[in-house]
Amino acid sequence: MNSTNLNNSDLSDANLSNAQLMKANLVNTKFVEANLKKANLSEASIKGAELKLADFNQTNFAHASLHDVNLTAADLSQTNFAHASLHNVNLTAANLSQADLKNVRNFSAINLNGANLTRENLVGLYLNYNQKLRGVNLSKAKLCGTDLSKSNLSNANLTLADLRGANLSSINLENANLKEANITGTNFGEGNNKANLKGATMPDGSTHE
């Protein structure tokens, strides 16, 4: 199925595990609750697609373009997004555990509210105020040097996360859990740019007032 044109197709509930969809055109395509486990979608053009609740476990999205895509509650665990472009993607409650997001070319206007990024390697990723991260699970995530300034991580789970050298200025961490997180060299901002840590559980287990 290389270079396949599936524009405007409805493949909801379809079983496409291991499908070869390299360079496929998937504009306004529906894959609601479809099984695309281990599928190859590298270099695919995915725009305006409805992919909620789909199974993309171990799927290859390398060099793919995902714009205006709905991936709400999708299983994206162990998925490869290397060098992919993600813009205005809804990842609310999606499972991104152990997904490869390193070297993503574009990561803007992303909704990660309630998403699972456990053990995720996000070193150096720019997750600024465009990202919605409320209630996201970033436990044991690697966030060294990551720019999270102005993001909303209220109620986020950052237990055991590696935040060394991360920029957390002007961030909202209200009621977030930072227990046992590594905050060596982390920038929490000063003055008007100071992070909001109201009710947050700090690395030592204390609650910030």
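Give the aspartates and glutamates reachable from LYS47 as a straight Cα distance under 17 Å; neighbours fewer than 8 places away on the same chain don't count. Excluding near neighbours in sequence, the set is ASP10, ASP68.
As a test of understanding, state the convex hull volume per residue of the range 1-89 from its alpha carbons, in Å³. List each step's numbers first, then the result.
On the way: hull volume 5.6 nm³, N = 89.
Each residue corresponds to 62 Å³ of Cα convex hull volume.
Below 15 angstrom from the Cβ of SER65, what's the summed charge of the other residues (Lys, Arg +1; Asp, Glu -1)?
On the way: positive: LYS23, LYS47, ARG105; negative: GLU43, ASP68.
Surrounding charge for SER65 is +1.
Considering only ALA44, LEU148, GLY165, the residue lying farthest towards the positive end of the dipole of the chain is GLY165, judged by Cα position with unit charges set on Cβ. So, counting K/R as plus one and D/E as minus one, what does the shell of residues with Cβ under 14 Å around HIS208 add up to? Every neighbour counted, the sum reads 0.
Which value, in Å to one decimal place, does the Kirkwood hydrodynamic radius take for the range 112-209 when every pair of different Cα atoms is included?
Working: mean 1/r = 0.0797 Å⁻¹.
Evaluated over the range 112-209, this radius sits at 12.6 Å.
Within the range 135-202, the GluC sites (Glu not before Pro) that combine a DSSP coil assignment with at most 14 other C-beta atoms in a 10 angstrom radius are GLU190. Among GLY114, GLY48, GLY191, the residue with the largest mean-square fluctuation in a Gaussian network model of the chain, with springs joining Cα atoms closer than 10 Å, is GLY191. Pair-distance distribution P(r) for the chain, from all Cα-Cα distances in 5 Å bins starting at 0: 2, 8, 14, 23, 17, 12, 9, 7, 5, 2, 1, 0 percent. Over 21 Å between Cα atoms: which of LYS140/LYS194; LYS37/LYS140; LYS102/LYS132; LYS37/LYS142 fall into that group? From LYS140/LYS194; LYS37/LYS140; LYS102/LYS132; LYS37/LYS142, over 21 Å: LYS140/LYS194; LYS37/LYS140; LYS37/LYS142.
In percent, what relative contact order does the chain have, based on Cα pairs under 8 Å that are 6 or more apart in sequence? Don't skip to the end; give the middle numbers.
Values: 778 pairs, mean separation 20.3, N = 209.
Here the relative contact order equals 10 percent.
Of ASN192, ASN137, ASN25, which is the most mobile in a GNM of the chain whose springs link Cα atoms less than 10 angstrom apart? Maximum among the listed residues: ASN192. Seen from GLU174, the other residues with C-beta closer than 15 Å to its C-beta sum to a net charge of +4, counting Lys and Arg as +1 and Asp and Glu as -1.
On a per residue basis, the convex hull of the C-alpha atoms belonging to the range 22-71 measures out at 54 Å³.
Any read-out appearing in this document is the output of simple, stated calculations on the displayed coordinates, not a laboratory observation. Everything quoted here is computed from the prediction, not taken from an experiment. Quick reminder, even Gly has a Cβ in these numbers, built from the backbone with ideal geometry, and neighbours come from all protein chains shown.
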